Amino acid sequence: MTDRFNYKFVTNFSEATNNTNYCSIFQICTHKNPTTNKYQLRKIICDDNNNYVSVKLYNIDKKKYKVLVKKLPINKIKFYALFTLDDVGLPALTDILTSKSTILSDKYESGYCNYAAF
């Protein structure tokens, strides 16, 4: 029996160790937009260096809104009591670091999921 090996030839070692972990943050309006009758959602994806990789804006109906709120960990969602996210800026560094925390997520073993901004 012969073993098969996969080789990758690189010019420097930074190409070989490009394992980037991405983090998602969601900004959600708590009120429906009166013109579209949908909730506005912004999904921000950040990399290991806390840089924005992608920013997308969605309009979702009430059914998807409820599913997302139940499904997503509490540290990855930030709610705004607005109709639209036009006047809301992108998340600050503290929001990015909070969303990356495993201690503040719902799936932590002790069940602690509350945090407060100081």
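The values are calculated or read from the model by the stated rules, or taken from the named source; none is laboratory data. Please read these numbers as outputs of a predicted model, since none were measured by experiment. Reconstructed Cβ throughout: ideal geometry from the backbone, glycine too, with neighbour counts over all protein chains shown.
Observations on the structure shown:
- Some residue of segment 100-118 being more than 11 Å from Ile25 (Cβ to Cβ), among the acidic types (Asp, Glu) and at pLDDT 75 or above: no
- When residues in segment 46-88 are screened for being hydroxyl-bearing (Ser, Thr, Tyr) and either exposed (fewer than 14 other Cβ atoms within 10 Å of the Cβ) or assigned to a helix (DSSP H, G or I) (or both), 3 of them pass.
- Among the residues of segment 60-79, those identified as more than 16 Å from the chain's Cα centre (by Cα) and within 17 Å of Thr36 (Cβ to Cβ) are Ile60, Asp61, Lys62, Lys63, Lys64.
- Checking Thr35 against (1) surrounded by 12 or more Cβ atoms within 10 Å (Cβ to Cβ); (2) of a type outside the set (Lys, Arg); (3) part of a loop (DSSP other than H, G, I, E, B), the condition it does not meet: (1)
- Residue pairs meeting the criteria (Cβ under 6 Å; at least 6 apart or on separate chains; first closer than 11 Å to Phe26 by Cβ, in segment 57-78; second loosely packed, with under 12 Cβ neighbours inside 10 Å): none
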